[in-house]
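I have placed the structure first, in the form of structure tokens, so that the comments after it can refer back to it.
The values are calculated or read from the model by the stated rules, or taken from the named source; none is laboratory data. Small disclaimer: the values here were computed from a predicted structure and weren't measured. Here the Cβ is made from the backbone with ideal geometry for all residues, glycine too, and neighbour counts use every protein chain on show.
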Amino acid sequence: MLARKILPFGLPLLAFLALAFAFFPESIDDAYITLRYSLNLALGHGPIFNIGERVEGYSNPVWMALLALTGKIGLSMPLMMKVYSVIAGAVAILIVGQYADRVFGRIAALSAMALLACSTFFALWATDGLETMFYTALVTGLYILLLSSANPVTIGIVASLVALTRPEGAIFGLVACSYLAWRRGYKQSLAVLALLAIFGGAYELFRIEYFGALVPNTALAKVHTTAQTVLRGGQYLWRFNAESGYLVLPAVVVSIWIHRKNDTVLLGAAFMGAQLVFLAVSGGDFMYGYRFVVPVLPIIALLASGCLSGDLLTDSNVRGWMAVLGVAVVVAFQYASLPPMRVRVDNLVARRSTHFDVARYLVSRTTVADTVVLSEAGIVPFGIRARVYDYLGLTSPYHSVFTADGHVSAENALLDQPKFVLLTMKEGHAGALVPRTNVDADLFDTLPLSSRYKAVRQFYIDPNLSYLDKIYYKYAPDAVRIYFVVYERI
């Protein structure tokens, strides 16, 4: 009898673990930016990218500290960042399933779990190593705590962790305070707000003292909100719904209407609204799998499955078949929207990306006294010990990297006579190699590079190797082949 109750909930988890195994070799460059900070912190140098340079090039303090602690106790940070993410994904699935079963019934619960567990978007971001899935589990936990009888101290601590795992997490903290003021009174709301202020204020004081800045360097590099940015955020959400079979968001709207007096959907809608604010500010992102929707994907799955609660249709057989069909359509569309992937027996240990090849090439040719100039500031820098100058301005001071007119300052990039410069070049149909982006061109077209450096190695970026490699071609449709070209100082 117990097995019959547990088995239906176990099957979605098995499906999720199978997908996680399939995606496990995938690596995102940004995850290794955090790892380099974590490594230096674990080694006692502090949260820095280059020793002696204090630039806040990460936006996930809690995740960065967790990985540093992992390295400090002797565990592999590149492996554990993926393991932690898979665990967080499984926790989010279980939390949603358990809560949906209690509020909407068994069919809705299994539907919500299946939407998450079989989602290629969800599985991809449960293995890429960024803080995304850890953050998602925290956001989901905060949502459920608010709907339960949890005390304000617990809620305040979790809300603070959310806010310190991603900067936009503070919006969820404000939603939590507003909800508590509405449902439980101002005392509990103020208690949570006080904890948010204490933890957030403490980190802000640390930022000012340690980095000498009010905001992280990543915000200067990435956040440039305009009307066009807001439009891109809306388009990003539209594409997510389209690549989820056009079913998910309409199902959420129907569920909100059906259960419009239920706090589950009202608070869920507020959480989704909080993420929409961030989409409007950021404009979404360029990676596969809709990373900026994933943090509220468990809530989306829960609300969408609320259509199957029995309030709209009483026949359980009909609801069951609707759940199966709906999940199948969503999963099929999501699967089709991603490039094909290769599953091998060595998936748990293999890391397939050209970035790792570049790192292996440079590590034997550089020392801690050397400088390497590049824009791919994650995997390659983590694999070498040389100082790194990032000409995208994420881990190097943004205002020194770029001039007032928005161009890369070649003078500053080459100021310390770097031993190597790594550019991304594309080959068109004519066969000539040209810079892939404007920032690559800003360096390539300068006299110092052409007169003092020579190309010593090319690395073909194979789009069939990984999603990270494939993404270069997604935004360069005119490119026949794309290369990393290594220039060495003469």
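Okay, residues lined up against (1) without any contact (Cβ under 8 Å) to a residue 12 or more places away in the chain; (2) on the phi > 0 side of the Ramachandran plot:
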residue: Gly185; (1), (2): yes, yes
residue: Gln188; (1), (2): no, no
residue: Val192; (1), (2): no, no
residue: Ala202; (1), (2): yes, no
residue: Ile208; (1), (2): yes, no
residue: Thr218; (1), (2): no, no
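From the list Tyr37, Tyr58, which one is over 21 Å from Leu94 (Cα atoms), within 20 Å of the chain's Cα centre (by Cα) and without any contact (Cβ under 8 Å) to a residue 40 or more places away in the chain? First the steps, then the outcome.
Working: Tyr58 fails: without any contact (Cβ under 8 Å) to a residue 40 or more places away in the chain.
Just one listed residue meets the conditions, Tyr37.
Residue by residue, here is whether (1) within 30 Å of Pro216 (Cβ to Cβ); (2) modelled with pLDDT of 95 or more; (3) loosely packed, with under 14 Cβ neighbours inside 10 Å; (4) in contact with a Lys or Arg (Cβ under 7 Å, 6 or more places away or on another chain) holds:
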residue: Tyr398; (1), (2), (3), (4): yes, yes, no, no
residue: Ala430; (1), (2), (3), (4): no, no, yes, no
residue: Ser450; (1), (2), (3), (4): no, no, yes, no
residue: Leu468; (1), (2), (3), (4): yes, yes, no, no
residue: Val485; (1), (2), (3), (4): no, yes, no, no
Item to check | Verdict on Phe172 being at pLDDT 95 or above, touching a helix residue (DSSP H, G or I) at 6+ places or on another chain (Cβ under 9 Å) and either basic (Lys, Arg) or closer than 25 Å to Ile258 by Cβ (or both) | outcome: yes
Next on the checklist: Suppose the filter is surrounded by fewer than 19 Cβ atoms within 10 Å (Cβ to Cβ), more than 21 Å from the chain's Cα centre (by Cα), within 30 Å of Asp101 (Cβ to Cβ) and at pLDDT 95 or above; does Leu13 pass it?
Outcome noted: yes
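Could you pull out the residue among Thr371, Thr366 that is touching a Pro at 6+ places or on another chain (Cβ under 8 Å), hydroxyl-bearing (Ser, Thr, Tyr), modelled with pLDDT of 95 or more and farther than 16 Å from Val439 by Cβ?
Thr371
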Checklist entry - When you go through (1) more than 19 Å from the chain's Cα centre (by Cα); (2) touching a residue at least 12 places away in the same chain (Cβ under 8 Å); (3) over 23 Å from Tyr99 (Cβ atoms); (4) surrounded by fewer than 18 Cβ atoms within 10 Å (Cβ to Cβ) one by one for Thr229, which number turns out not to apply? => result (1)
Checklist entry - Is there a residue being assigned to a helix (DSSP H, G or I) and either aliphatic (A, V, I, L, M) or within 19 Å of Thr354 (Cβ to Cβ) (or both) anywhere in region 476-484? => result no
Item to check | Subset of region 46-57 [surrounded by fewer than 14 Cβ atoms within 10 Å (Cβ to Cβ) and either farther than 21 Å from Leu374 by Cα or not small (Gly, Ala, Ser) (or both)] | outcome: Gly46, Ile51
Next on the checklist: Any residue that is buried (at least 23 other Cβ atoms within 10 Å of the Cβ), out of contact with any strand residue (DSSP E or B) (no Cβ under 8 Å at 6 or more places or on another chain), more than 20 Å from Ala219 (Cβ to Cβ) and β-branched (Val, Ile, Thr) - is there at least one of those in region 365-385?
Outcome noted: yes
Checklist outcome for this item: Okay, helices (runs of 4 or more DSSP H) sitting entirely in region 240-345 with 3 or more residues that are without any contact (Cβ under 8 Å) to a residue 12 or more places away in the chain, I get 248-258, 316-337
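Residue-by-condition table, conditions (1) surrounded by fewer than 23 Cβ atoms within 10 Å (Cβ to Cβ); (2) farther than 30 Å from Leu35 by Cα:
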residue	(1), (2)
Phe104	no, yes
Ala137	no, no
Arg183	yes, yes
Glu204	yes, no
Next on the checklist: Here are the criteria: (1) at positive phi; (2) without any contact (Cβ under 8 Å) to a residue 60 or more places away in the chain. Tell me which single one Asp416 does not satisfy.
Outcome noted: (1)
